[in-house]
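Since the structure comes first, as structure tokens, the remarks are kept for the end.
The values are calculated or read from the model by the stated rules, or taken from the named source; none is laboratory data. The shown structure was predicted, so the numbers you read here are calculated from the model rather than taken from an experiment. Don't worry about glycine lacking a Cβ; one is built from the backbone with ideal geometry, like all the others, and counts go over all protein chains shown.
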Amino acid sequence: MEVVRTRAALRATLRGAARPVGLVPTMGALHAGHVSLVRRARAENATVVLTIFVNPRQFGDADDLAGYPRDEAADLATCAAEGVDVVFIPPVEEIYPPGFDTVVRVGEIAEPLEGAARPGHFEGVATVVAVLLGLAAADRAYFGAKDAQQLAVIRRMVADLAIATDIVPCPTVREIDGLATSSRNARLTPTERAAAPVVRAALLAARQAWADGERSGESLRQRMREVLAGEPLVDPEYVSVADPATLAELEVVGDGALLSLAVRLGAVRLIDNETVG
Ligand code: AMP
């Protein structure tokens, strides 16, 4: 396993690499969700590249950025155990060198939900992913369905900018009680952690209501609000029942609609989603 920290070293390492090349972009603090992406990439590619970069441009909140968990030694051990070939861990100035002056702004699909709650977030995500895809020139790149809007934004960008990397969505990995695995879960207190499964419960209740015949978007959103209201520690930020392609809120909910929500639980912000049908 090679660990590289500069754009030039990554390019040099990948110049003669066996193809196909699979890329797994992460912010580190690797957990079972990341590992599932690596395993998929390992199964489908001759060379697997994992990147660890806590991208300042996608954080609106300086405290969230400062408090983001980092554990390079543990991450490298995970990568070695999973058979990663190349780990790219650049310092900030390697991704954004002096004079860096381009942003990628994806349009309508980046506006609602996470885009509305976190101004500038998707501009930061799209910009860094464009840099990483440009550097790695990977055949495939792996992203988690847990971040459904992020996946949609990246797919839009790759299609629009004719980036020659296939984007591969991977299912959400969950803890035994249904909470989506996340680096942020470690920051929940034990009491908050015990309350956290309500996030998934709200999504499942709405999905069940749809399966039972409910087709009103507002009724399904209300169903999620009701379940969340049963847990006083949870402060809902949004609940959404949206078209999976456009992320526009639905009045009438058909097969494949995206249920998603964001809540605050203590100091931690959690997101999750499900698909109906
Ligand atoms: P992050 O390090 O949080 O930026 O995540 C890096 C990648 O891992 C993104 O594509 C995420 O969607 C994905 N990911 C994070 N958590 C999970 C999870 N629980 N299941 C599947 N993929 C995940």
Please work out which one of (1) more than 16 Å from the ligand (Cβ to nearest atom); (2) touching a residue at least 60 places away in the same chain (Cβ under 8 Å); (3) small (Gly, Ala, Ser) is the condition residue 202 fails and give its number. (2)
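Can you find a residue that is away from the ligand (no atom under 15 Å from the Cβ), of a type in the set (A, V, I, L, M) and assigned to a helix (DSSP H, G or I) anywhere in the range 100-108?
First pass over the range 100-108, keeping only residues away from the ligand (no atom under 15 Å from the Cβ): 100-108.
Applying the additional criterion that residues be of a type in the set (A, V, I, L, M) yields 103-104, 106.
Filter once more, keeping what is assigned to a helix (DSSP H, G or I): none.
There is no residue in the range 100-108 that is away from the ligand (no atom under 15 Å from the Cβ), of a type in the set (A, V, I, L, M) and assigned to a helix (DSSP H, G or I).
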Can you run down the residue pairs with Cβ atoms below 8 Å, 6 or more apart or on separate chains, where the first is in the range 12-36 and touching a residue at least 40 places away in the same chain (Cβ under 8 Å) and the partner is aromatic (Phe, Trp, Tyr) and near the ligand (Cβ under 8 Å from one of its atoms)? 22/142; 23/142; 24/142; 25/143
Could you give me the residue pairs with C-beta distances under 6 Å whose first residue belongs to the range 60-87 and is assigned to a loop (DSSP other than H, G, I, E, B), whose second residue is surrounded by 13 or more Cβ atoms within 10 Å (Cβ to Cβ) and of a type in the set (D, E, K, R) wherever it lies, and which are 6+ apart or on separate chains? 60/118; 83/42
Quick check on residue 83: is it farther than 21 Å from residue 150 by Cβ and among the small types (Gly, Ala, Ser)? yes
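Is it the case, given these coordinates, that residue 181 is hydroxyl-bearing (Ser, Thr, Tyr), closer than 21 Å to residue 243 by Cβ, within 14 Å of the ligand (Cβ to nearest atom) and in contact (Cβ under 8 Å) with a residue 40 or more places away in the chain? If you could, list the steps in order and put the result at the bottom.
Working: hydroxyl-bearing (Ser, Thr, Tyr): yes; closer than 21 Å to residue 243 by Cβ: no; within 14 Å of the ligand (Cβ to nearest atom): yes; in contact (Cβ under 8 Å) with a residue 40 or more places away in the chain: yes.
No.
Could you name every one of the helices (runs of 4 or more DSSP H) located completely within the range 161-277 that has at least 1 residues being aromatic (Phe, Trp, Tyr) and over 27 Å from residue 24 (Cβ atoms)? Steps first, please.
On the way: elements: 190-195, 198-211, 217-229.
Of the helices (runs of 4 or more DSSP H) lying wholly inside the range 161-277, those with at least 1 residues that are aromatic (Phe, Trp, Tyr) and over 27 Å from residue 24 (Cβ atoms) span 198-211.
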Take the range 206-250 and flag every residue that is surrounded by 14 or more Cβ atoms within 10 Å (Cβ to Cβ) and hydroxyl-bearing (Ser, Thr, Tyr). 216, 219, 238, 240
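Based on this model, can you work out whether residue 97 counts as more than 14 Å from the ligand (Cβ to nearest atom), surrounded by 15 or more Cβ atoms within 10 Å (Cβ to Cβ) and not aromatic (Phe, Trp, Tyr)?
no
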The lone condition residue 3 fails out of (1) hydrophobic (A, V, I, L, M, F, W, C); (2) within 30 Å of residue 266 (Cβ to Cβ); (3) touching a residue at least 60 places away in the same chain (Cβ under 8 Å) is (2)
Being at pLDDT 95 or above, of a type in the set (A, V, I, L, M, F, W, C), assigned to a helix (DSSP H, G or I) and under 21 Å from residue 5 (Cα atoms) narrows it down to one of 116, 130, 141, so name that one. 130
